[in-house]
1. Under a 5 Å amide H to amide H cut-off, with H placed in plane at 1.01 Å, what residues pair with ILE74 once short-range neighbours are removed?
2. Pairs of alpha-carbon atoms within less than 8 angstrom and 6+ residues apart define the contacts here; what relative contact order does the chain have, in percent?
3. Considering every Cα-Cα pair within segment 2-135, what fraction, in whole percent, is farther apart than 21 Å?
4. Ignoring chymotrypsin sites (Phe, Trp or Tyr not before Pro) that are buried or in helix or strand per DSSP, and keeping those with at most 16 other beta carbon atoms within 10 Å, what is the longest stretch of the chain between them?
5. What are the ³J(HN,Hα) values, in whole Hz, obtained from phi via the Karplus relation 6.51 cos²θ - 1.76 cosθ + 1.60 with θ = phi - 60°, for each residue of segment 25-42 in sequence order, with x given for Gly and Pro?
6. Please list, ordered by chain and number, the residues whose modelled amide H lies under 5 Å from the amide H of LYS115; skip anything fewer than 5 residues away on the same chain.
7. Straight distance only, please: which lysines reach the Cα of LYS67 with their own Cα at less than 16 Å, same-chain residues fewer than 8 apart left out?
8. Can you show me the helix-derived [θ] at 222 nm for the chain, built from DSSP H runs with n ≥ 4 at -39,500 (n - 2.57) apiece and divided by the number of residues, rounded to the nearest 500.
Amino acid sequence: MATIPSIINGVQVEFGPQVNNDVSMSLIAALKHCIKPNIAPPYPLFKIYISSEADQHVMPSRHAQHKAVDISRINNIKIAIGYPGEAATVGIVNAIQNAFETCPGRRENFGPHLKRKLGASFNIAGHHDHIHLSVN
């Protein structure tokens, strides 16, 4: 296992108090692939908030396998509040989800912009207030 760093590509990472920060190396590689300050020009990304990792979940959840994270805030704005009304939040959320779709080893990409599993559209409830990213 590895630990998600507090800074990814210059973007600050904050964690919810219950987050177990032990994850697979492939998940860290995926986050490095799609968490970047310039992911959504002209809107800079300077901070994400990981609200869930290997906590509050049981097997066979990708979270319990240390292969998934939930991002619930972008630049201190809750996705539930900023999406779809706030242009910077929408631009950054969409860009993160789009970039994750090009990530090797991606599995689940659920959020307000996309709901995809293994690259195909996937019908799943929720995820309007956070981005769920998981890897194989």
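1. ILE79
2. Reported relative contact order: 23 percent.
3. In whole percent, the long-distance tail amounts to 31.
4. Maximal segment without exposed cleavage sites: 47-121.
5. Those phi angles translate into 4, 5, 6, 4, 4, 5, 5, 5, 6, 10, 10, 9, x, 9, 5, 9, x, x Hz.
6. PHE122
7. Within the straight-line limit of under 16 Å, LYS67 reaches these lysines: LYS32, LYS117.
8. -6000 deg cm²/dmol
Rule-based calculations on the coordinates, nothing more; no lab input. The model shown is predicted, which means the values in this text are computed figures rather than measured ones. Heads up, the Cβs are rebuilt from the backbone with ideal geometry, glycines too, and the neighbour counts pull from every protein chain shown.
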